[in-house]
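Data block below; observations after.
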């Protein structure tokens, strides 16, 4: 069976990210895991806990990408509005999910099972649950939108298992090349090579060490012959410039 290219978008939801109180870690984790699965991340946005904003971005992303992943806003507090926002985005009811309620009720004592915690069992109609072995309250998905909590340690454990259920996409081949030359020396040549090979991505990343500096080039693409050809051209050019090129 031929594996196709899978594209995705990530929506990070939370005022605490935008006001600087919390460092955003989830997108980096998701990008790495999705890349391993052959699912390309094409866009990431960070938005506040505002219903209109969430609805707008979810509807935009679910039309653009095969997969949409959201993090944040599904807890028990007043500003956790992701579930109801996604229900409105899909034009479905927010309803008490009996399976989610059962999971929560079995975990908490009668005294601890408060109205706030019951709120986490209200999900969009027809949503399917995503298991949460850490804090119990499940995530969910509806069509191609997958909704996770914002706490990194919880999301990571949930996602490592859940991603196994997603269809694999076509992985990109990658070659990395380093040189002691600066971007100012190699930039023009690398730019010309990029223009001639639009099916290949060439990323240029300077590095600085105690006694040296240089550039690492990351060459990626779906066709191995293309990236091999690009890497060879750049390697030969850097070698000619005595830039000590190294492939890895």
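The values are calculated or read from the model by the stated rules, or taken from the named source; none is laboratory data. Predicted model only: the values in this text are computed from it and were never measured. Cβ atoms come from the backbone with ideal geometry, glycine included; neighbour counts cover every protein chain shown.
Of note:
- Test for residue 169: is it surrounded by fewer than 19 Cβ atoms within 10 Å (Cβ to Cβ) and under 30 Å from residue 225 (Cα atoms): no
- Just one residue in the set 47, 11, 3, 54 is touching a residue at least 60 places away in the same chain (Cβ under 8 Å) and buried (at least 18 other Cβ atoms within 10 Å of the Cβ); that residue is 11.
- Tally, over the range 18-70, of residues that are over 29 Å from residue 174 (Cβ atoms) and not in a strand (DSSP E or B): 19
- Failed criterion for residue 80 (all others in (1) surrounded by 18 or more Cβ atoms within 10 Å (Cβ to Cβ); (2) under 25 Å from residue 161 (Cα atoms); (3) touching a strand residue (DSSP E or B) at 6+ places or on another chain (Cβ under 6 Å) hold): (3)
- The set of residues in the range 89-98 that are touching a residue at least 24 places away in the same chain (Cβ under 8 Å) and surrounded by fewer than 18 Cβ atoms within 10 Å (Cβ to Cβ) comprises 92, 93, 94, 95, 96.
- Filtering the range 192-212 to residues that are surrounded by fewer than 12 Cβ atoms within 10 Å (Cβ to Cβ) and more than 26 Å from the chain's Cα centre (by Cα) leaves 195, 196, 208, 209, 210, 211, 212.
- Matching residues, the range 23-34, being free of Cβ contacts under 8 Å to residues at least 60 places away in the same chain and surrounded by 15 or more Cβ atoms within 10 Å (Cβ to Cβ): 24, 27, 31
- Spans of helices (runs of 4 or more DSSP H) in the range 135-248 with at least 1 residues in contact with a strand residue (DSSP E or B) (Cβ under 6 Å, 6 or more places away or on another chain), farther than 30 Å from residue 121 by Cβ and at pLDDT 95 or above: 183-196, 224-240
- Where residue 154 falls short, out of the listed (1) without any contact (Cβ under 8 Å) to a residue 24 or more places away in the chain; (2) exposed (fewer than 12 other Cβ atoms within 10 Å of the Cβ); (3) within 20 Å of the chain's Cα centre (by Cα): (2)
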